[in-house]
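Written below as structure tokens is the structure these notes are about.
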Amino acid sequence: MPLEEGLTFAHNLLRQMDLRSEIKLIASGRVTSGFSLLRVMALGADLANSARGFMFSLGCIQALKCNTNKCPTGIATSDPLLMSGLEPSVKHIRVANYQRKTLDAASSILGAMGLDDFNNLPRHAFMRRGDARKVWKFEELYPEAPIGSYNKSE
């Protein structure tokens, strides 16, 4: 299931069962920027992880050889010859910069929204363009279920 739909489904189900405050949701999937981090948090994630962005910051070129042990950049291989292309003593700076800049961007966007807290991001502040003439707010596309609205007797 796509991230936005799956995350919204899980968040809403937990709200309906009045379990949302007891269970944390972690979003994973194409979270590569400050904006994408805020987007998944607005849809109900408590936190997000990112693999793709960090792989890029290490130098991944998407050669699609991860499962072959022949990654040309040395990131996804155990071949010592290929691994020589990956220099952690140099690349760690790029990874740290990526993390810092991603969080800086998220904080800047949050501030531009007039907010100072990553919790309870409003869904109405995020939009999706359908075509050249239509834009939907996330709250229209992904309505939030009322807490405790699941009724066992129905």
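Here are the numbers:
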read-out: Dipole of the chain, positive end: most advanced residue of S149, I23, T77 [Cβ charges, Cα centre]; value: T77
read-out: Distance between modelled label sites at I147 and H124, nm, 7 Å Cα→Cβ extension; value: 1.9
read-out: Candidate lysines for bridging to K65, where Cα separation is under 22 Å - those fewer than 8 sequence places away on the same chain excluded; value: K91
read-out: For a label point 7 Å along the Cα-to-beta-carbon line of E139, residues of the stretch 103-129 with backbone N under 19 Å; value: 110-129
read-out: Fluctuation leader among D131, D46, D18 - the chain, Gaussian network, Cα springs under 10 angstrom; value: D131
read-out: Among C66, M113, L47 - extreme Cα towards positive end, dipole of the stretch 34-133, charges at beta-carbon; value: C66
read-out: Cα-based Rg / Dmax (Å) for the stretch 1-77; value: 15.9, 49
read-out: Rg ratio (alpha-carbon, reference 2.2 N^0.38 Å) - the chain; value: 1.30
read-out: Computed over the stretch 115-154, Kirkwood Rh from alpha-carbon pairs, angstrom; value: 12.6
read-out: Extension gain from T68 to D117, taking 0.36 nm per residue of separation minus the Cα-Cα distance; value: 13.3 nm
read-out: Cα centre as origin, Lys/Arg/Asp/Glu Cβ charges: the stretch 77-154 dipole, Debye; value: 280
read-out: Calculated from backbone phi, Karplus (6.51, -1.76, 1.60) coupling profile of the stretch 95-106 in Hz, x at Gly/Pro; value: 5, 5, 4, 4, 4, 4, 5, 5, 5, 4, 5, 4
read-out: Cα centroid of the stretch 32-58 to Cα centroid of the stretch 105-153, whole Å; value: 16
read-out: For the stretch 1-59, size of Cβ-based charge dipole, Lys and Arg +1, Asp and Glu -1, in debye; value: 160
read-out: Kirkwood-type radius of the stretch 67-116, with distances r between different C-alpha atoms, in Å; value: 13.2
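FYI, it's all coordinate maths here, none of it is from the lab. Here the structure is a predicted model, which means the values were calculated and not measured. Note that each Cβ is placed from the backbone with ideal geometry, even for glycine, and that neighbours are counted across all protein chains shown.
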